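The structure under discussion appears below in the form of structure tokens.
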Amino acid sequence: MDVSGVPGLFVTLEGVEGSGKTTRAEVLVSSLMERGLEVLHTREPGGPPVAERIRDILLDGGNDVPALTELFLYLASRSANVALRIAPA
């Protein structure tokens, strides 16, 4: 794939939990970097430190989080990831 002249690509991997997204992302990142491309790898929920803290809350099975609260936490994590990592890149 020739990406010369392309200012940037935004790639997302979607799938259910346990479907291998992390493994495939790691392979893709390695492959792109081996070709000399600059890569920003992030995840959701997560990314910058504040979003990682939100991720910890969401993935802690001991928390009793109401559905609407969970939605807002996911949105807060995405907002931080976009504002602090994705948009600047």
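The values are calculated or read from the model by the stated rules, or taken from the named source; none is laboratory data. Being a predicted model, the structure only gives us computed values, none of them experimental. Methodologically, a virtual Cβ is constructed for each residue, glycine included, from the backbone with ideal geometry; neighbour enumeration extends over all protein chains shown. Remember, those area values only see protein heavy atoms, side chains included, never the ligands or the DNA or RNA. Shrake-Rupley method; radii C 1.70, N 1.55, O 1.52, S 1.80 Å.
Brief remarks follow.
- Here L40 passes the criteria (1) at pLDDT 95 or above; (2) open to solvent by less than 80 Å² (accessible area, probe 1.4 Å); (3) under 17 Å from A89 (Cα atoms) except the one numbered (2).
- Some residue of the range 10-28 being acidic (D, E), exposed (fewer than 14 other Cβ atoms within 10 Å of the Cβ) and either touching a Pro at 6+ places or on another chain (Cβ under 9 Å) or not in a helix (DSSP H, G or I) (or both): yes
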